[in-house]
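Just below is one structure, and these are the notes that go with it.
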Amino acid sequence: MAMDGSRPDQAVLSPLPDARCRSGQAALRPLPDSLAEEEQLVAELELLGINYLSRLSSYQANHVRSPERLLADLVRQPHARVRQAVIAVLLSHPEYAEAVLGALGRLSGQDHLTLQALYTAAVFLQREHADRLRPLLAERWRWLPDLLSGELGLPAVGQPREKLRLLDLEMRHRTGRTVNWMGGYEAVAEKLIRQLQRRTASDQLASDSSRDSPVHAALRTRFDPVDGEQIRLTAQLTPGQRIQRLLDGRELAVGLIRGRLRRRYPDMPPRELNLRVLKELERARQ
């Protein structure tokens with residue numbers, strides 16, 4: 001059993017170049033069934049604006065399953081990072097709280113307990129980080145109701161951080177596993193908040209740059225002088241830090257595209273807007 005709480009993994013097959021289905025949509029690489037399902041779920045999370053999870057293929061979803069199914073199916077996955085994405089869904093889309101009881105009705109045993117704990121962790125994390133989350137969600141903000149902490153034997157009053165510690169202890173007791181539950185929950189919240197902050201900043205940058213001529217803006221972007229000091233600092237980065245920079249650059253590009261599309265289609269629903277962003281990124285790779 002992994003220390004992060006993940007279940008034993010199935011062997012991963014060597015990924016092959018992506019095939020394409022008749023519709024032109026990128027097909028899943030030949031992965032074990034459990035990992036293929038995870039890839040589908042992670043792709044659907046991208047349509048909800050949650051894209052901090054790494055991918056094993058370039059598969060792109062064209063719709064998101066119902067909230068009840070999404071929450072239940074995430075909990076059933078073999079990897080803790082995907083199961084814990086339930087927290088990211090609830091923090092970024094608190095309206096999904098309405099589907100939690102229905103999702104619990106689809107689950108039993110360990111999966112049922114896992115969703116109870118993840119939802120309760122999301123409730124406490126939202127209260128702990130409300131000042132950071134509220135401006136990032138804007139009109140989507142709403143409080144997550146505390147539906148399940150009583151069923152887990154947690155007190156109704158107290159500070160969110162203390163309640164998270166008690167939830168950690170309760171999960172260790174109920175599962176018999178000395179996993180750092182609290183650390184895993186907090187890591188998801190931090191990753192999501194950083195992602196939302198980068199997106200907000202890049203959207204603002206896109207809005208500011210739109211005031212200039214597109215041609216001049218492109219020229220400034222492409223032909224700025226080489227910064228020798230920046231090159232020296234980049235050379236000192238570890239491989240992991242370089243990868244993080246690439247991911248941050250991708251997030252900036254996504255934000256610029258999203259900002260342009262939002263100005264062009266101000267009334268477009270968020271899911272359709274995200275789908276258009278993914279389509280543009282796919283065209284850029286061709």
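The values are calculated or read from the model by the stated rules, or taken from the named source; none is laboratory data. Everything quoted here is computed from the prediction, not taken from an experiment. Because the Cβ atoms are built from the backbone with ideal geometry, glycine has one as well, and the counts that use them run over all protein chains shown.
Inspect region 80-91 for any residue being modelled with pLDDT of 95 or more, surrounded by fewer than 17 Cβ atoms within 10 Å (Cβ to Cβ) and in a helix (DSSP H, G or I) and give the result as yes or no.
Within region 80-91, not a single residue is modelled with pLDDT of 95 or more, surrounded by fewer than 17 Cβ atoms within 10 Å (Cβ to Cβ) and in a helix (DSSP H, G or I).
With Arg65, Arg69 as the choices, which residue is outside any helix (DSSP H, G or I) and either in contact with a strand residue (DSSP E or B) (Cβ under 6 Å, 6 or more places away or on another chain) or farther than 21 Å from Gly184 by Cα (or both)?
After applying the criteria, what remains is Arg65.
For the list (1) outside any helix (DSSP H, G or I); (2) at pLDDT below 80; (3) farther than 19 Å from Leu205 by Cβ, I need the number of the one condition that Met268 fails.
(2)
Of all residues in region 168-189 being part of a loop (DSSP other than H, G, I, E, B) and in contact (Cβ under 8 Å) with a residue 40 or more places away in the chain, which is surrounded by the most Cβ atoms within 10 Å (Cβ to Cβ)?
Checking each candidate, the answer is Val179.
Arg142 - would you say it is among the basic types (Lys, Arg) and assigned to a helix (DSSP H, G or I)?
When the stated conditions are applied, Arg142 does not pass them.
I need the full set of residues from region 114-136 which are touching a helix residue (DSSP H, G or I) at 6+ places or on another chain (Cβ under 7 Å), closer than 30 Å to Gln204 by Cα and not aromatic (Phe, Trp, Tyr), in order please.
Correct list: Ala122, Leu125, Gln126, Arg127, Glu128, His129, Arg132, Leu133, Leu136.
Which residue out of Leu147, Leu118, Leu137, Leu192 is part of a helix (DSSP H, G or I) and without any contact (Cβ under 8 Å) to a residue 60 or more places away in the chain?
Sole residue among the options that is part of a helix (DSSP H, G or I) and without any contact (Cβ under 8 Å) to a residue 60 or more places away in the chain: Leu137.
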